[in-house]
Amino acid sequence: MMLKLSDLSEGFDVVYELSVLTVGRRQHEAFLKTLYALKFEHVVRVEAEEDKDIRFCPEIIADLAAGYITDTSPQDVVIMGVQSSEGSNGKTPLLLAEELGWPCITEVTALEPVDEGHLKVTSEEDGHTAVQVVGVPCVLAVGNAPSSYLRVPTLKDKMKLGKKPIEHIVPNWDQLLEKERDVELTELAAVEERRDAVVIEGDTPEEKARQLYESYLKGRLEKI
Amino acid sequence: MAIISREQIVEGLVGILGSEQVITDEQVLKESSLDRYRKYEQVCEVYTQPIPAAVVYVKSAEEVSEVLKFADDNEINVVPRTGQSAIEGGLETALKDSVVIDGSTMNKVIKVDEYNMQVTCQCGVPLQELDDMLRERGYTTGHSPQSKPLAQMGGLVATRSIGQFSTLYGGIEDMIVGMEAVFPNGKICRIKNVPRRAAGPDIRHIICGNEGALCYITEVTLKLFKWQPDNNRYIGYMLDDEHMKLGFDCLREVMVEGYKPSFARLYDAADAQQHFSAWLPEGKAILIWMAEGPANITPAIEAGIKEMMSKHPELEEVDPKLIEKWYGGLNWGPEQIAEEKEEIKATQNIGITTEVSGSWDNIYDIYKTACDRIMEEVPDMTLMGGHSSHSYINGTNMYFVYYYNIVDCAPEEEINKYHDRINEIICEQVIKYGGSIVHHHGLGKARAKYVTEEYGSSYYMLKTLKQAFDPNGIMNMGTLIPLRK
Amino acid sequence: MRYHCIIDAYSKDIIRQMEELYAFKSAFLQEAEEGVSYVLCRDSTVVEGLDRRISGSAAAIIAEDYCPEAVLEALGKETALEDLYLFGSGISGNELSVRLAARMKGSSVTAVHGLECKEQVTVKKMVYASHMEGTFRMKKGPYCISLAKGMDRQEPEKGTFHIIKEIRCTDVPGFVVSRKTFANASAGGLDEAKVVIAAGRGIRNRENADYLQETAEVLGGELGVSRPAAMNAWVPMNRLIGVSGAMLQPDICITAGVSGAAAFYAGIEKSKFIVAINTDEQAPIMKKADVVVADDFVPVIKALRELAEQ
C-alpha cells in the first residue's frame, strides 16, 4: 500500500520517503532486504531473537515503535497491520496512537496522496465505508485491503540495492520484559475442529429424510 | 479441420450423448481452450486459442467410441481431458471447432484386488481420492505427483507422469498393469492384467504417454504397495550454492551404491528459499532424502546415506523434523491455484516451471548454462533456480523454476516475450548437452516444436505411430507432433 | 465488580449489539453489579426510540457524527477506575476499548468470548487464527473489553433506558479535513443466507440445480455450488462457494453431491450445522459434517422439501 501510494505521488508534487520497522528475528532479514530492492529508504529491525516471546505483548511492540519515531526517526504517517494471526491481539496500532498522542484510523483499505500534509484514506467502519481527507501525523491500520500482495523485485534490483545493510536497534529486553504487563496470558488450549458425522440410518431415502428433518432440521429451521 | 459446421458438430454430439452431456456455455468453452501453460492468459481471462465447439462429458468406453467415430468421420479435432492439471499446452484446442472429451465423470474404482496387489479404475478417478481410500486399507499406489489433488488416472497415464516417490516406486510406466483405450476409428482395445509378458513389444507404451494424440484412455489398472508411513526416515543436509556440482554428485553416490530411497532431492539456493526460508539461511542449497518401506530397511538406508555424506565436509546436517514438516505441505491443489491467480493479478509476477533430464555427466552443465543464459537474455527475472527431484542409476532430472515480472506487455504477448523464450533457452541447452527436454509433464504443444531434435532418427517411429492410429488427424492435433503452419 | 455497556448507536446494527451484550452479561455477569450503559448517539431521542434496554439506566454521549477522539474524551471523564467496560464486537468497539484503557491506565482485551470475575478478571479469546483459545488475566482497572464477532444473542428486556445524563462531546481539534461515508452494498442473497444448500458435481444436471434452488427458497435459503458444478454451467459463477467464491457462515448448510474438496470446504467451514448427503460414504465431506445421509440426494431432498412445506 505504501508502494502504491509512492507510485501515485507523481503528479502530486509530494515525495514520500519510505521506511520499514519490524520487531523480529535475524532470519527475517532476507525478507527485509527485498524491501530495499523495492526502493524503501530505511529498513530497521528491532532485534528480538527466539527466546523473546512477545506474541501477546502488544504494548512492548507499541513502545518500541513509539521510541523509534520520537527518538530516532520522526515520521508523518505510520502504516501497520491490524493484528497478527498468532497473537490476534488487535491492539498494537491503537496503543501506538495513544502513546504518540496521534489520531488513528483502523481497517484502512485504500490510500491516496493529497498534498504534503494530507492523505485521502478509505476505511471500513461499522456498516459503511468512510473516505476521509486527513492531516498528518496519524496512525493507519490496514484492514482487508484488496490485492494486498507485496510486489516482487527483479534479481537485478536485488543485486544492486539489496546489499545495503539493515539498520538495527537493540532494546533492553530485560527491562522491557520485566515491566509488569496489564494483561497476561495464563493458558492456551487447542480447539478441536472435527464434526460428529452422525450417520442417519433408515431403509428408504424418505425414511432417512424424515429422521433428518424431525431430529435435526425442524427445530433449527423454526429458530430462524 | 472439421468438414461440418459448428452447429452440426453440436447437433451430432447431442444425438449421441443427449443434451445434458454436451456443454456449450461460452465461459466453459473459453476456459476449456487452454491449460496452465498459458497461465497469464488464464489469469487475465484473455483467450487466444480457437474456442472449442463443445465440451462433452462421457460415461463409458462405448460413448467415447461413438464420439470418436463421429469426429473421425467428420475430421473434428478432439482433445481428451480428465483432471485438467496439464501445464504444457496439451489441453489447448489448437484447431477451430474442436471438441473436448472430458472423462472426469467416469470416476468409479472398479476393483481393489488386495491379493494380486492391483487396483482397476476408470479414467476419471481422482488420484487423491483413490490413494486416500487405499491408505485407509493400508495400501498406496506409490504415485504422488504435485498435482495429486487435481489429477485423474487418464491424464496421469497419458502424460507419463511421475510422483515424488519415484526413486522407490518408479514413474507411472512402472506402475501400470493393463489398460483400456479407444482409438479414433472407434475400436475399443483392452490390454490384460498380467505381471509380465514377452509376447512381442510392450504395446502398453503406445497408450502410456500418448498425450491424447493416439487414443483415449478409459480404464487403468495400477499396482498396489503397502503403505507404512510410520517407518519413514528423513535425511537432510545444507550446502553452499557454489557446491551444486557436489550436490549432484551426492545424489549420484547414493544411487550408485544401490540404495533405494523414496525421494532424493537437491534444491539450489534460489529454489530452496521458496520452500525452506523459515529456517534455511540465504545462499544455501539443500539435499534431502526420504527412506520408505519395511521397518528393518528404512533405518539401514538412513544409516547408509549418512555414512556416505559424512565424508563431505561441505555438507551440514539439518534436523530431519524440518524435512518432515516440508514434506507435509508439498502438493498443489485448487486452493493454491485460486490464491496464485489473485497474486499474479496484483503483482504481475508469475512463476513457471520446466522439467528436463540429463545424465550424471551433463546435468550440471545443463542446469548452470541454462540459468546463466536466461539471466543474461530475458528481462525482468525475479527468481531463477531449480531442483533435481527424480534420480536414476544413470542420471537425474532438473526442474527449472523461474519467476518474472510482466512489464509493459499485453496478455496476448506474454507467451512470446517471456515464457516461450525461457522454454526455448532451456530446450536448446538440453539438446546441446544431450539430455531430454521433457522429464514428466509431457511434450504438449509448447515443446512439440522441438520434437525432431528430441527424437533424432527415432522420430520416424513416432510419426509412423501417429499416421497408423490417427490417419485422419483428429487426436489432439499439435500435441507431440507440431502443426504445420 | 460493577460493569457498564457501551452501545454505538451510529451503527445500523445497534439491535444486534444490544442482543450480544445482553447475552454476554446474562452468561458471565449475573453476580456483578449493573452499572450505567453509555449510548453513543446523535441525540437522546435515539435512546428513547430503541424500545428495549440492557440496563436500567443509561447516559447518552452526544455528537453530530461518530468521532472516536471526542467519544474517548467524554467517556474518559466518566470512567471509574475499578469498573468493567463492555464494548460491542464492531470496529468501533475494538478501537474504543483499547484506547480507553490506554488513557485510563487500565487494561484491555479485544474479541473476548468468555469472562470470569472473581478475585481477578480473566477473559477468553481465540488466538493463532482461531486454532487455539487463550485465557488472559487482566491486572489493572478499568477493565475494557470488546466482544468477539458472531457471539450468541439474547432478546433484551422491553422498555426504555432511564436517561440519567446527557453528555455533549466537546470539539476536539480535528485531523479530519473532510469526510464522506457510503453505505456498503448489501451482500444479500447467498452471503447472508441463514440456510444454504450447497450442490456439487453429484447433482448431475441443470434441472436438478433448478430444483435445489427452489428447495432452498422453500427452506428460506439460497443455493450455492462447488467448482465442478459452476464449471458445468448448471448455475451462474456468482453462486460459487469456497476460497475463490463466497465464504459463508449460515446456521444450516446442506450439501448435496459434494465431495468436500478443501477449497470448497473452507467456504462452509463456519456453518453452525452441516448436513452431508452423498451416495459415496467414503467422500471426504462425510467426515466433516455434523449429520450425514448416505443416499442419493434426489429422493432425500424431495422428501425434505415435502416435510418443510407442510
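Only the coordinates and a few stated rules stand behind these numbers; no lab work does. Just so we're clear, the structure is a prediction, and the values are computed from it rather than from any experiment. Backbone-built Cβ (ideal geometry, glycine too); neighbour counts: all protein chains shown.
The charge dipole of the stretch B:229-327, taken about the Cα centre with unit charges on the Cβ atoms of Lys, Arg (+1) and Asp, Glu (-1), comes to about 280 debye, rounded to the nearest 20.
Over 26 Å apart at the Cα level, from the set B:LYS69/B:LYS96; A:LYS160/B:LYS368; B:LYS284/B:LYS449; B:LYS59/B:LYS223, are B:LYS284/B:LYS449. Considering all different alpha carbon pairs of the stretch B:419-485, the Kirkwood hydrodynamic radius works out to 12.7 Å.
Entry note: the stretch B:36-126 has Rg to Rh equal to 1.07, where both radii use alpha-carbon atoms and Rh is the Kirkwood radius. Descending by average beta-carbon neighbour count within 10 Å, the peptides B:247-260, C:255-268, B:121-134 line up as C:255-268, B:121-134, B:247-260, the highest first.
Each peptide in A:70-80, B:13-23, B:170-180 was scored by the mean count of other Cβ atoms within 10 Å over its residues; highest first, the order is B:170-180, B:13-23, A:70-80.
When each of C:VAL121, C:VAL292, B:VAL28 is scored by the number of other beta-carbon atoms lying within 10 Å, the sequence from fewest to most is B:VAL28, C:VAL121, C:VAL292. On a per residue basis, the convex hull of the C-alpha atoms belonging to the stretch B:282-406 measures out at 157 Å³.
Subtracting the Cα-Cα distance of B:GLU314 and B:GLU253 from their residue separation scaled by 0.36 nm leaves 20.4 nm. Taking the Cα centre of the protein assembly as shown as reference, the dipole from Cβ charges on Lys and Arg (+1) and Asp and Glu (-1) amounts to some 1900 debye.
Annotation: the residues B:VAL46, A:VAL44, C:VAL98, sorted from fewest to most other C-beta atoms within 10 Å of their own C-beta, follow the order B:VAL46, A:VAL44, C:VAL98.
Once the C-beta distance of C:GLU48 and B:ASP230 is scaled by a Förster radius of 60 Å, the resulting FRET efficiency is 0.30 to the nearest 0.05. Taking amide H positions as modeled 1.01 Å from N, with prolines and chain starts lacking one, the residues under 5 Å from A:VAL142 and 5 or more places away or on another chain are A:MET80, A:GLY81, A:VAL82, A:VAL108. Summing Cβ point charges (Lys, Arg +1; Asp, Glu -1) relative to the Cα centre of the stretch C:2-168 gives a dipole of roughly 460 debye. Its relative contact order, with pairs defined as Cα atoms under 8 Å and 6+ residues apart, puts chain B at 16 percent. Note on C:ARG103/C:ALA183: beta-carbon distance plugged into 1/(1 + (r/R0)^6) with R0 of 30 Å gives a FRET efficiency of 0.45. Projected label points at C:GLU157 and B:SER277, each 7 Å from Cα along the beta carbon direction, are separated by 5.8 nanometres. Counted by Cβ distance under 9 Å from A:VAL136, the other residues give a net charge of -2, where Lys and Arg count +1 and Asp and Glu count -1. Give me the Debye-computed log₁₀ of I(q)/I(0) at q = 0.12, 0.18, 0.23, 0.24 Å⁻¹ for the stretch B:110-226, equal point scatterers on Cα only, no solvent, two decimals. The calculated log intensity ratios at q = 0.12, 0.18, 0.23, 0.24 Å⁻¹ are -0.38, -0.89, -1.45, -1.57.
For the peptide A:152-162, the mean number of other protein chain Cβ atoms found within 10 angstrom of a residue's Cβ is 4. Normalised radius of gyration (Cα atoms, divided by 2.2 N^0.38 Å) for the protein assembly as shown: 1.04.
The long axis of helix B:6-17 is offset from the longest Cα principal axis of chain B by roughly 80 degrees. Here is the tail figure for chain B: Cα pairs spaced more than 36 Å apart come to 30 percent of all pairs. Arranged from fewest to most other beta-carbon atoms within 10 Å of their beta carbon, B:ILE481, A:ILE54 become A:ILE54, B:ILE481.
Put simply, the Cα atoms of the stretch A:1-144 extend 45, 37, 27 Å along their principal axes, the longest span coming first.
Label-to-label distance, A:GLU207 versus C:GLU269, with points set 7 angstrom from Cα along the beta-carbon direction: 3.8 nm.
All other residues whose Cβ lies under 12 angstrom from that of B:CYS208 are scored, Lys and Arg at +1 and Asp and Glu at -1, for a net of -2.
Pairwise Cα distances in the stretch C:189-309 exceed 24 Å for 12 percent of all pairs. Each Lys or Arg adds one and each Asp or Glu subtracts one; over the other residues with Cβ under 13 Å from the Cβ of A:GLY219, this totals +1. Shape analysis of the stretch C:2-168 yields a ratio of the Cα radius of gyration to the Kirkwood radius, Rg/Rh, of 0.94. Across every direction, the projection of the convex hull enclosing the Cα atoms of chain C has a mean area of 19.2 nm².
Between C:PRO68, C:ILE145, B:SER5, the Cα set farthest toward the positive side of the dipole of the protein assembly as shown (charges on each charged residue's Cβ, about the Cα centre) is that of B:SER5.
Mean silhouette area of the stretch B:66-168, derived from the convex hull of its C-alpha atoms and averaged over all directions, reads 7.8 nm².
The simple Förster model, with R0 at 22 Å and r as the Cβ-Cβ distance, assigns C:LYS139 and A:LEU177 a FRET efficiency of 0.90.
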